[in-house]
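Following: one structure in structure tokens, then a few remarks.
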């Protein structure tokens, strides 16, 4: 019975999903529309952040920057801060990190994809679809990288207790 009680102490709920900031720029219009061989190079930058609020409410912001360039000229530039307010309680430290670092961005991403696709279309450009992203893999990669950096810093720190002098 204690195991069931512990499981019910864990709570995870979406309180609100919203756009915190959204920017669309197309600095080379209308000239860019005269091209018939349109095949821009697209760069995607993705990051998420977390801010603790009150009463176990946490804001997670997924920031997506998309830049499309044709011959070193910007076709369009988008920056979207897709946010969500999540109620998270009863989880261990590692579970909590996984929730705000992977689960929450995974919830926010489809909303961001739709907003970006809609804005590109409203900007007069062909359909633009962001591909699915594996946030679990990105989170695991980020955690492994942070661990490797921490270990490298610990090894290079003076006075590491091994009796050697640097």
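General remarks:
- Summed over the range 65-114, the residues that are closer than 24 Å to residue 10 by Cβ and in a strand (DSSP E or B) give a count of 7.
- Test set (1) at pLDDT 95 or above; (2) out of contact with any strand residue (DSSP E or B) (no Cβ under 7 Å at 6 or more places or on another chain) - residue 70 fails condition number: (1)
- Within the range 97-129, tally of residues that are surrounded by 16 or more Cβ atoms within 10 Å (Cβ to Cβ), free of Cβ contacts under 8 Å to residues at least 40 places away in the same chain and over 23 Å from residue 39 (Cα atoms): 2
- Residue in the range 29-40 that is under 30 Å from residue 88 (Cα atoms), under 26 Å from the mean Cα position of the chain (by Cα) and either at pLDDT 95 or above or surrounded by 12 or more Cβ atoms within 10 Å (Cβ to Cβ) (or both) present: no
- Check on residue 80, in contact with a strand residue (DSSP E or B) (Cβ under 9 Å, 6 or more places away or on another chain) and buried (at least 17 other Cβ atoms within 10 Å of the Cβ): yes
- When the range 28-54 is limited to residues that are without any contact (Cβ under 8 Å) to a residue 24 or more places away in the chain and touching a strand residue (DSSP E or B) at 6+ places or on another chain (Cβ under 8 Å), the one that is farthest from residue 126 (Cα to Cα) turns out to be 52.
- Given (1) over 17 Å from the mean Cα position of the chain (by Cα); (2) more than 30 Å from residue 126 (Cβ to Cβ); (3) at pLDDT 95 or above, index of the condition residue 76 fails: (2)
- Some residue of the range 153-164 being free of Cβ contacts under 8 Å to residues at least 60 places away in the same chain and touching a helix residue (DSSP H, G or I) at 6+ places or on another chain (Cβ under 9 Å): yes
The values are calculated or read from the model by the stated rules, or taken from the named source; none is laboratory data. Predicted, not measured: the structure shown is a model, and the values here were computed from it. So basically every Cβ, Gly included, is an ideal-geometry build from the backbone, and we count neighbours across all protein chains shown.
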